[in-house]
1. For the range A:161-247, which strands (runs of 3 or more DSSP E) that fit wholly inside it have 3 or more residues that are within 28 Å of A:V277 (Cα to Cα)?
2. Out of the residues in the range B:9-31 that are under 19 Å from A:D74 (Cβ atoms) and either at the interface with chain A (Cβ under 7 Å from one of its Cβ atoms) or at pLDDT 90 or above (or both), state the one that is nearest to the chain's Cα centre (by Cα).
3. Need the failing condition index for B:I93 against (1) of a type outside the set (S, T, Y); (2) in contact (Cβ under 8 Å) with a residue 12 or more places away in the chain; (3) in contact with a Lys or Arg (Cβ under 8 Å, 6 or more places away or on another chain), just the number.
4. Scan the range A:156-171 and report the pairs whose first residue is without any contact (Cβ under 8 Å) to a residue 40 or more places away in the chain and more than 12 Å from chain B (Cβ to nearest Cβ) and whose second residue is among the hydroxyl-bearing types (S, T, Y) and surrounded by fewer than 24 Cβ atoms within 10 Å (Cβ to Cβ), with Cβ atoms within less than 8 Å and a gap of 6+ or a chain change.
5. Which ones in the range A:97-124 are part of a helix (DSSP H, G or I), within 9 Å of another protein chain (Cβ to nearest Cβ) and among the aliphatic types (A, V, I, L, M)?
6. Taking the criterion of being assigned to a helix (DSSP H, G or I), crowded, with 20+ Cβ neighbours inside 10 Å and over 22 Å from the mean Cα position of the chain (by Cα), would at least one residue in the range B:236-254 satisfy it?
7. For residues that are within 10 Å of chain B (Cβ to nearest Cβ), touching a residue at least 24 places away in the same chain (Cβ under 8 Å) and surrounded by fewer than 20 Cβ atoms within 10 Å (Cβ to Cβ), tally how many sit in the range A:62-91.
8. How many residues are more than 7 Å from chain A (Cβ to nearest Cβ) and surrounded by fewer than 22 Cβ atoms within 10 Å (Cβ to Cβ) if we restrict to the range B:116-125?
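The values are calculated or read from the model by the stated rules, or taken from the named source; none is laboratory data. Quantities reported herein were computed from a predicted structural model and do not represent experimental measurements. Neighbour counts are summed over all protein chains in view; Cβ atoms, including those assigned to glycine, are modelled from backbone coordinates with ideal geometry.
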Amino acid sequence: MTRTTNGSDLAVDVHGLVKHFGETRALDGVDLAVAEGTVHGVLGPNGAGKTTLVRCLATLLVPDAGRASVAGLDVVRQPASLRRAIGLTGQYASVDEKISGWENLYLIGRLLDLSRADARSRADALLERFSLTEAAHRPPRTYSGGMRRRLDLAASMIGRPRVLFLDEPTTGLDPRTRNEVWAEVRRLTREGTTVLLTTQYMEEAEHLAGALTVVDRGRVIAEGTVDGLKARVGGRTLEIRPADPGELHRLLGALAQSRAAGPAAPRADVAEGVVHVPVVSDAHLTDVVRLLAERGFALAGVGTHLPSLDEVFLALTGERTAPADTTAPATEEAAA
Amino acid sequence: MTTATATRSPAPAPVRDVGAPTPRDHLRHVGALVRRQALQAKGDPQSMMDALLMPIVFTLLFVYVFGGAIGADGDRDRYTDYLMPGMMAMTSIGIAMAVGTGLNEDLRTGVMDRFRALPIARSSVLVAKVVVELGRMLVAFAVLLLVGLAVGMDVDGRWAELGAAVALTALFGTSLLWIFMLLGLLLKSAQAIQGASFLALMPLQFGSSIFVPVETMPGWLEAFASVNPLSHAADAARGLMIGQGPVAQPVLWTLVWAVGLTAVTAPLAVRTFRRRT
């Protein structure tokens with residue numbers, strides 16, 4: 001009933017959450033604070049405990065120790081009320097494939113104790129909003145992947161949730177569909193919904209989340225704003241591919257002599273035929289590109305790339321973390 | 001549209017701790033889930049065909065091929081009267097056997113996660129399943145009895161007793177639904193359930209009074225058949241429908257079996273379901 005335990009407006013408040021699966025500690029004392037009305041990203045590799053965390057918060061799993069509240073309601077003591085305040089979209093589309101999209105939404109409305117009329121109008125409105133009106137009376141098995149994910153999101157929005165959990169919402173989606181999902185998430189936050197999002201992609205976190213928590217092996221290994229973490233990890237890298245690979249070193253030399261080199265030294269990758277320039281700001285990026293144009297280098301390709309999750313972990317932990325395909329963390333996530 | 005939504009965006013209402021769902025909430029939840037299951041069934045007429053095929057084939061086979069030989073004094077129509085009440089029990093088994101399939105599908109996909117994150121009792125999902133399958137049973141009984149009438153069954157004005165027989169068999173069938181629901185939750189795949197059920201059910205179905213009076217069987221089989229709950233259900237329905245032979249005792253036994261099986265398997269099924277989801 002109280003907004004939060006400590007008076008501030010926290011939509012999600014987690015202290016020392018622990019969850020075991022047999023021998024594995026899927027969550028090993030996780031703390032998390034998500035401010036009302038924000039998008040909070042939980043970033044981590046497969047098996048880091050992201051899904052387990054979301055499932056504990058959505059009352060699908062009972063934690064072994066620690067405490068957690070969502071919208072001011074305790075996940076263990078007040079699950080029934082908490083479920084009215086949340087929406088959940090998991091990694092796998094959780095809609096009934098055999099009944100129509102409209103029936104899916106109507107069903108959830110009724111299960112959320114809306115009157116028949118309210119459930120009906122809510123289903124219509126959400127189908128319209130998610131551009132599914134034309135497909136409303138077809139079963140989701142005839143939908144495309146993106147339509148299915150949109151229906152899934154719509155289903156999570158029926159009860160006008162305060163907090164929406166999105167567990168790897170774009171895993172397995174093509175880029176166009178992924179952008180649709182991103183646009184929808186931004187729209188939801190504009191309307192005041194708090195979103196807790198798990199992802200394996202740095203890019204996704206950068207696009208959507210204001211604040212980030214990085215987890216690995218059931219522990220929080222870093223948290224902060226996206227910009228703050230990027231500063232720690234190293235931000236974007238500009239990749240320049242000269243048309244003539246023989247010019248690689250001349251290009252590197254030109255950069256090194258000018259102020260455009262930036263604080264971190266550019267380096268040449270001869271095998272790949274590219275020069276990597278760590279860029280610290282958009283102005284810096286512009287400077288580098290201007291220099292290349294002024295010196296008249298013929299280029300075959302220019303591109304920026306964000307640090308991959310591997311690089312983020314490398315930077316945050318100072319050591320190579322377990323790759324996603326090691327068996328122990330993988331089974332842990334599957335068990336969740 | 002977009003602007004309208006953007007300007008509307010009301011601040012979310014403060015969340016109240018409203019507690020667990022009330023009995024009226026439960027009813028509404030089960031109702032909504034029944035609608036879902038019924039729509040699924042409507043979209044899958046094949047499953048109804050499957051449920052009806054065996055009983056109808058057996059009815060035709062036994063009435064036309066064996067009926068003349070089995071029936072008292074070679075009277076085919078009297079054998080039809082003997083057979084049809086028991087065929088209802090057999091039909092209910094066929095439907096109960098298939099009940100685990102849909103349940104496993106729900107567990108495999110993310111649908112159960114969705115339900116579990118909603119403020120409903122998990123048992124609502126099982127109860128809805130039982131209600132819909134019970135409805136399927138009643139439809140199947142109706143079709144079966146129409147086939148029976150077409151091949152010579154004589155109701156002889158005992159419509160009320162026919163209704164009682166249908167109700168009693170449906171009650172018995174409900175207990176079977178819970179058994180197979182439990183099996184469906186304990187066994188991994190739908191195929192495993194159907195394979196295992198088929199093997200276990202052949203002797204139960206034929207070692208009963210559904211097709212022939214147990215007195216005609218050898219002693220050891222008669223002993224088995226007389227305690228077989230399917231015999232009780234068949235005898236009870238038959239006693240009611242044709243008004244011959246003992247009624248009270250088989251009806252009582254059928255009730256005992258139905259209530260007993262449900263009392264044991266329904267809570268176990270709900271518990272297993274909670275644990276698996």
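1. On the way: elements: A:163-167, A:194-199, A:211-216, A:219-225, A:237-242.
Correct list: A:211-216, A:219-225, A:237-242.
2. B:P21
3. Answer for B:I93: the failing condition is (3).
4. Partner pairs satisfying both residue conditions: A:T170/A:T177; A:T170/A:Y201.
5. So the first thing to find is which residues in the range A:97-124 are part of a helix (DSSP H, G or I), and the list is A:101-111, A:116-124.
Adding the requirement that they be within 9 Å of another protein chain (Cβ to nearest Cβ) leaves A:103-104, A:106-111, A:119.
Those that are part of a helix (DSSP H, G or I), within 9 Å of another protein chain (Cβ to nearest Cβ) and among the aliphatic types (A, V, I, L, M): A:L107, A:I108, A:L111, A:A119.
6. Checked the range B:236-254: at least one residue is assigned to a helix (DSSP H, G or I), crowded, with 20+ Cβ neighbours inside 10 Å and over 22 Å from the mean Cα position of the chain (by Cα).
7. 1
8. Residues in the range B:116-125 being more than 7 Å from chain A (Cβ to nearest Cβ) and surrounded by fewer than 22 Cβ atoms within 10 Å (Cβ to Cβ): 3 in total.
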